[in-house]
1. For Cα pairs less than 8 Å apart in space and 6+ apart in sequence, what is the mean separation divided by the residue count of the chain, i.e. the relative contact order in percent?
2. Taking only DSSP H segments of four or more residues, each worth -39500 (n - 2.57), what value at 222 nm results for the chain once the sum is divided by all its residues, to the nearest 500 deg cm²/dmol?
3. Across the range 12-142, how many lysine pairs separated by 8 or more positions, or lying on different chains, have Cα atoms within less than 17 Å?
4. Could you tell me the center-to-center distance, by alpha carbons, between the range 95-117 and the range 51-86 in angstrom?
5. What nm value, rounded to one decimal, do you get for the distance between residue 95 and residue 59 when each label is placed 7 Å out toward the C-beta?
6. Please list log₁₀ I(q)/I(0) at q = 0.09, 0.14, 0.18, 0.21 Å⁻¹ for the chain, using the Debye equation with identical point scatterers on the alpha-carbon positions.
7. Evaluate the relative contact order of the range 81-143 (contact order divided by residue number), counting alpha-carbon pairs under 8 angstrom at least 6 apart; express in whole percent.
Amino acid sequence: MNITHNQPSLTLEAAHRLAAIGQNCSDEMGFKMIVVVSDSLGNPLVLLRNPAAPIGALEFAERKAYTAASYGWPSGQWSDILEGRAVVAQSLSQHPKLCFVGGGIPVKVDGQVVGAIGVAGAKAPEDHAVAQAALERFFAEIS
């Protein structure tokens, strides 16, 4: 019987690269954002903050990455999942680390979550677009 398991996670080098790509995407799209890359458990590995990003965006970027890593789907999908489920939505909204708006996307390798990226500083669709563009460039670069 095995009593332990290995949880694959992003390396620090990979997390740095993904965060840098995220900031580059943000700059190219004309946004001032904060990018957080987490490990497979949602713990922050790297945080890059544009000095002009809204101060409140820091907490949201961290929470978006945590949410995406914890559940394995983009943070913005929660609104669809929770639609018509008020009791569940109210219960989950009490969790201090969850965030149910766009901008958090899990990083998956062979279908397994190895980390997440959380982006905040603009509207949720723009945050999601930057996170998605960063992931696409990151995987294109390492392929």
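Rule-based calculations on the coordinates, nothing more; no lab input. Given the structure is predicted, the values throughout are model-derived calculations rather than measurements. We place every Cβ from the backbone using ideal geometry, glycine too, and count neighbours over all the protein chains shown.
1. The normalised contact order for the chain reaches 28 percent.
2. For the chain, the value works out to -14000 deg cm²/dmol.
3. Eligible lysine pairs with Cα atoms under 17 Å apart amount to 5.
4. 8 Å
5. So the label points at residue 95 and residue 59 sit 1.8 nm apart.
6. Listed by q, the Debye log ratios stand at -0.25, -0.59, -0.92, -1.19.
7. 24 percent
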